[in-house]
Amino acid sequence: MNKTVTLTYEGKQIELPVVTGSEGEEAIDISRLRAETGLITLDPGYVNTGSCLSAITFMNGEKGILRYRGIPVEQLAEHSSFKETAYLLINGHLPNRDELTQFSVMLNDHSLVHTDMKAFYQNYPRASHPMGILSSMVNALRSFYPALDTEEQIDIAMTRLLAKVRTMAAMSYKISRGHELVLPRPDLTFCENFLNMMFDTPVTPYEIKREVVNALRVFWILHADHEQNCSTSSVRMVGSARVNLYAAISSGIAALWGPLHGGANQAVIEMLTEIQTGGGGYKKAIERAKDKKDPFRLMGFGHRVYKTYDPRAKIMKKTCDELLESLRLEDPLLDVAKKLEETALSDQYFIDHNLYPNVDFYSGIVLRAIGIPTNMFTVMFALGRLPGWIAQWKESKDDPNWKIARPRQIYNGETEYAYVPIHAR
Ligand code: ACO
């Protein structure tokens, strides 16, 4: 029997259908609410609002579950390549051998960046944040590759984006350092290629280490999608106006930049460094995070959906330990992070608020060990999230119930009053 919810308002009753997802999640379908009652719903931050039906990612924040297209993220992090995971997210199924080969060929074919784009990079002020550059450069791709009309052209654009953004990220790093650009190589894997473009120089050829490639692979897979978070919702919302793929993804990159979202990985390292270099130690940081008069928050802690340990953080922490051990690296920030985590997890405030480390708590230490500069951390997140954004944009574009996103509001400003000319004010 179909479930319904009955709403009583001003003596009138209306039945609202309950929609049930494939994992048993339930939602009240309020699409007829305004037409039948004149009411809208008010839900700041969309804490209780489902914006779409989606078959891409399932997460359960109470149980710490995350699956892409049904496959647990733990299994993908253990066995899959980033390329294969990207294919899975975008196309909805794991590729067979031919499909994967075809996808690899396309990624290689589209990995070069138009040489005129170099001039843009070179003219950005030296101190520009790479996320600002990336967001505008992705938007600029529309001018260089305008063919986006047919399904085939859109398919190519999705692959082009994955291939080129990786090259563009490495390019911005090289240009910021005044180094020669390194071109992508078809003989390298997706992750190896990125590392080589970032770190190879004519003087010191880059030595590709298996452990480093593996850490990057895991980092990117763990970041590949996370259903309707702030940046993904931005991609869907901007995309709902039927803008081109590049413009929609550019808006996602801008949203991800924020320190409460993808910018947290950079903010965590800055916080740990501050604690380590004399900011009063980790106990003081815990006290500050609990003090309601202090705006300070423990970065890398807490999550809108996870009310238990973020499953990605568990894998990230393990990857971090393994990478540092295999490279024989000692990072004093890892020590600070572990003490901070241990203290927070046994503190009543963090217990009561269900605050656990999120994916970004340990990811910055992994990126540092790989050699990524701190201001590139969020760019690394964006590279990982790209397949998810593309998949979500595609799903929304093809949705038979598509509508331009247009929330309403409850106006609480001045009621009508007459204009007063300036001489009379
Ligand atoms: N440190 C201290 N207190 C916190 C923290 C934190 N990191 N996070 C939440 N709280 C407290 C809030 O002060 C609030 O307390 P109160 O109810 O006593 O007033 C309560 O927990 C709920 O906080 P909200 O901000 O309402 O929770 P929300 O779900 O809106 O926010 C968010 C989630 C933004 C991630 C938050 O936990 C936060 O700011 N964390 C730090 C930034 C961070 O790590 N962001 C990355 C998230 S993961 C990602 O985007 C990849």
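The values are calculated or read from the model by the stated rules, or taken from the named source; none is laboratory data. Here the structure is a predicted model, which is why all the values come from computation and not from measurement. Neighbour counts are summed over all protein chains in view; Cβ atoms, including those assigned to glycine, are modelled from backbone coordinates with ideal geometry.
Summary of values
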{"read-out": "Verdict on GLY239 being of a type outside the set (A, V, I, L, M), on the phi < 0 side of the Ramachandran plot and more than 16 Å from the ligand (Cβ to nearest atom)", "value": "yes"}
{"read-out": "Index of the failed condition, VAL366 passing every other in (1) modelled with pLDDT under 95; (2) not in a loop (DSSP other than H, G, I, E, B)", "value": "(1)"}
{"read-out": "Exclusive hit being hydrophobic (A, V, I, L, M, F, W, C), under 19 Å from LYS83 (Cα atoms) and in the same structural domain as GLU151 (by TED's automatic domain parsing), set PHE377, PHE381", "value": "PHE381"}
{"read-out": "Positions within segment 197-225 being of a type outside the set (A, V, I, L, M) and either surrounded by fewer than 21 Cβ atoms within 10 Å (Cβ to Cβ) or not assigned by TED's automatic domain parsing to the domain that holds LYS314 (or both), in sequence order", "value": "ASP200, THR201, PRO202, THR204, PRO205, TYR206, GLU207, LYS209, ARG210, GLU211, ASN214"}
{"read-out": "Scope segment 278-293; condition out of contact with any Ser or Thr (no Cβ under 9 Å at 6 or more places or on another chain), more than 13 Å from the ligand (Cβ to nearest atom) and either of a type in the set (Lys, Arg) or outside the structural domain of TYR362 (by TED's automatic domain parsing) (or both); matching residues", "value": "LYS284"}
{"read-out": "Inter-residue pairs, beta-carbon under 6 Å, first acidic (Asp, Glu) and in segment 356-367, second within 12 Å of the ligand (Cβ to nearest atom), 6+ apart", "value": "ASP360/ALA264; ASP360/ASN265; ASP360/VAL268; ASP360/GLY300"}
{"read-out": "Among residues of segment 48-86, those that are at pLDDT below 95 and within 11 Å of ALA224 (Cα to Cα), counted", "value": "0"}
{"read-out": "Residue among SER128, SER135, SER172, SER143 that is assigned to a loop (DSSP other than H, G, I, E, B) and of a type in the set (Gly, Ala, Ser)", "value": "SER128"}
{"read-out": "Matching residues, segment 19-71, being hydrophobic (A, V, I, L, M, F, W, C), more than 25 Å from the chain's Cα centre (by Cα) and loosely packed, with under 13 Cβ neighbours inside 10 Å", "value": "ALA35, LEU42"}
{"read-out": "Checklist (1) away from the ligand (no atom under 12 Å from the Cβ); (2) within 24 Å of CYS230 (Cβ to Cβ); (3) exposed (fewer than 15 other Cβ atoms within 10 Å of the Cβ) applied to PHE296, failing item", "value": "(1)"}
{"read-out": "Exclusive hit being at pLDDT 95 or above and among the polar types (S, T, N, Q), set THR319, THR374", "value": "THR319"}
{"read-out": "Test: residue in segment 337-352 that is away from the ligand (no atom under 14 Å from the Cβ) and not in a helix (DSSP H, G or I)", "value": "yes"}
{"read-out": "Any pair with Cβ under 8 angstrom, 6 or more apart, that starts in segment 260-283 at a residue that is closer than 15 Å to LEU334 by Cβ and ends at one that is near the ligand (Cβ under 8 Å from one of its atoms) and in a helix (DSSP H, G or I)", "value": "ASN265/ASP360; ASN265/PHE381; VAL268/ASP360; VAL268/PHE361"}
{"read-out": "Pair list, Cβ under 9 Å, 6 or more apart: segment 326-349 residue touching a residue at least 40 places away in the same chain (Cβ under 8 Å), other residue assigned to a helix (DSSP H, G or I) and surrounded by fewer than 12 Cβ atoms within 10 Å (Cβ to Cβ)", "value": "SER326/ARG210"}
{"read-out": "Segment 147-185, residues that are charged (D, E, K, R), touching an Asp or Glu at 6+ places or on another chain (Cβ under 9 Å) and without any contact (Cβ under 8 Å) to a residue 24 or more places away in the chain", "value": "ARG185"}
{"read-out": "Some residue of segment 107-116 being within 14 Å of VAL165 (Cβ to Cβ) and either loosely packed, with under 14 Cβ neighbours inside 10 Å or basic (Lys, Arg) (or both)", "value": "yes"}
{"read-out": "Residue satisfying condition, being within 16 Å of the ligand (Cβ to nearest atom), assigned by TED's automatic domain parsing to the domain that holds ARG217 and β-branched (Val, Ile, Thr), within set THR85, THR57", "value": "THR57"}
{"read-out": "Single residue of GLY252, GLY302 found to be over 15 Å from the mean Cα position of the chain (by Cα) and crowded, with 20+ Cβ neighbours inside 10 Å", "value": "GLY302"}
{"read-out": "Index of the failed condition, LYS318 passing every other in (1) within 24 Å of LYS209 (Cβ to Cβ); (2) in contact with a helix residue (DSSP H, G or I) (Cβ under 8 Å, 6 or more places away or on another chain); (3) not hydroxyl-bearing (Ser, Thr, Tyr)", "value": "(2)"}
{"read-out": "Failed item, numbered, when LEU329 is tested on (1) assigned to a helix (DSSP H, G or I); (2) more than 9 Å from the ligand (Cβ to nearest atom); (3) of a type in the set (A, V, I, L, M, F, W, C)", "value": "(1)"}
{"read-out": "Residue ID - farthest from SER231 (Cα to Cα), chosen from residues in segment 254-277 that are of a type in the set (Gly, Ala, Ser) and within 9 Å of the ligand (Cβ to nearest atom)", "value": "ALA267"}
